[in-house]
Amino acid sequence: MISEPLRKIWRISMGDPYFETTTVQHLKSVVPDSDQFRFRCTGCGNCCRGPGSVYFSDEDMQNIQSFLGLNRTRFAALKQRLIQARENGYHVHRTGGACYFLDQDNRCAIYPVRPLQCSSFPFWPSTFASRAELEEVADDCPGTLSKAGEAHSLLQVARRVNRTRREFIAKQTNQNKLFMI
Ligand code: SF4
Ligand code: SF4
C-alpha cells in the first residue's frame, strides 16, 4: 500500500487538482466585494440550459431511480436516453439545448436528488479560479454576485469550493486523468 505522503507527492507530480486548495487569500483577489460573496438562486434555469455535460455518480443514479419510482425496465430506458458516455466512473449526460431533467416550468424534475455538480453550483473551483471566470459565471447566473443574495464569508466560500473539489474527485476512478468542475 502506498503511504499518504508518497501518494501526495505522486498526485502533485501528476498535476492532481485535489491539492490545489482554494484559499481565502486567493478569493480576496477574485471576489469584487473582497470580504464577502453574495449568492441567491433565482430559479432562472440558465445553468441547466445550453450544451454541456452533467455528471451523475452511481449513487446519484440509484437515488434518481428511487425518487422517480422506476422499475428496472423503465430505469434502463431512462439511462439509455439520458447517458451518452461513461467517464472516470461517472455517467455523463451531454446536454444539447437543455438538461433532460429541466421541465416545462423551468424546474429540475429531480431537484431533491440532483447530482453534486448541480447542488454545489456556483461553489465550483472553476467559478473562483479568477475574477474573469467569476464575472463570466455572473453574466449567466443572476444569483451570483446579486446584491439581494445571501452573504457568504470568504472562509465559507473556500470551504464549500474545497468540499466540491474533494467530493467530486473522490468518486473518480481514473486517478491519472481527473476532471474538474
Ligand atoms: S443560473 Fe444561477 S440563478 Fe439561475 S437557476 Fe442556476 S444557480 Fe439559480
Ligand atoms: S439535473 Fe436538474 S439541476 Fe442539474 S442540470 Fe439537470 S435540470 Fe439542472
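Read-outs: derived from the displayed coordinates by stated rules, not from any lab. Computed from a predicted model, the values in this text were never measured in an experiment. Counting neighbours? That spans all protein chains shown, and the Cβs are built from the backbone with ideal geometry, glycine included.
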Practice problem: Rounded to the nearest 500, what is the 222 nm mean residue ellipticity of the chain from helices alone, with -39500 (n - 2.57) per DSSP H run of 4+ residues and division by all residues? | Solution: -11500 deg cm²/dmol
Quiz item: Tell me, what is the percent relative contact order of segment 21-170, built from C-alpha pairs under 8 Å that lie six or more residues apart?
Solution: 42
Quiz prompt | Segments 22-28, 111-117 sorted - mean Cβ within 10 Å per residue, highest first | solution = 111-117, 22-28
Practice problem: Can you tell me how much longer the chain between ALA129 and GLN80 gets when fully stretched, taken as 0.36 nm per residue apart minus their C-alpha distance, in nm with one decimal? | Solution: 14.2 nm
Quiz item: Name the trypsin sites (Lys or Arg not before Pro) in segment 63-153 that are in a loop by DSSP and that have at most 14 other C-beta atoms within 10 Å, would you?
Solution: ARG107, LYS147
Quiz item: Ordered by residue, what ³J(HN,Hα) values in Hz, to whole numbers, does segment 165-179 give under the Karplus form 6.51 cos²θ - 1.76 cosθ + 1.60, where θ = phi - 60° and Gly and Pro are x?
Solution: 4, 4, 6, 5, 6, 4, 8, 7, 8, 8, 6, 8, 9, 6, 10
Quiz item: So what is the diffusion coefficient of segment 93-180 in µm² per second by Stokes-Einstein at 37 °C and 0.692 mPa s, using a Kirkwood Rh over Cα pairs?
Solution: 221
Practice problem: Identify, among CYS99, SER66, CYS47, the residue whose Cα sits farthest towards the positive end of the charge dipole of segment 21-170, taking +1 on the Cβ of Lys and Arg and -1 on the Cβ of Asp and Glu, with the dipole about the Cα centre. | Solution: SER66
Exercise. About the Cα centre of the chain, how large is the charge dipole given +1 on each Lys and Arg Cβ and -1 on each Asp and Glu Cβ? Please answer in debye to the nearest 20.
Key: 460
Quiz prompt | Likely footprinting exposure, SER146, SER120, SER29, fewest C-beta neighbours within 10 Å first | solution = SER29, SER146, SER120
Quiz prompt | Local electrostatic count at SER146 - Lys and Arg +1, Asp and Glu -1, tallied over other residues with Cβ under 15 Å | solution = -2
Quiz prompt | the chain - convex hull of the alpha-carbon atoms, volume per residue in Å³ | solution = 136
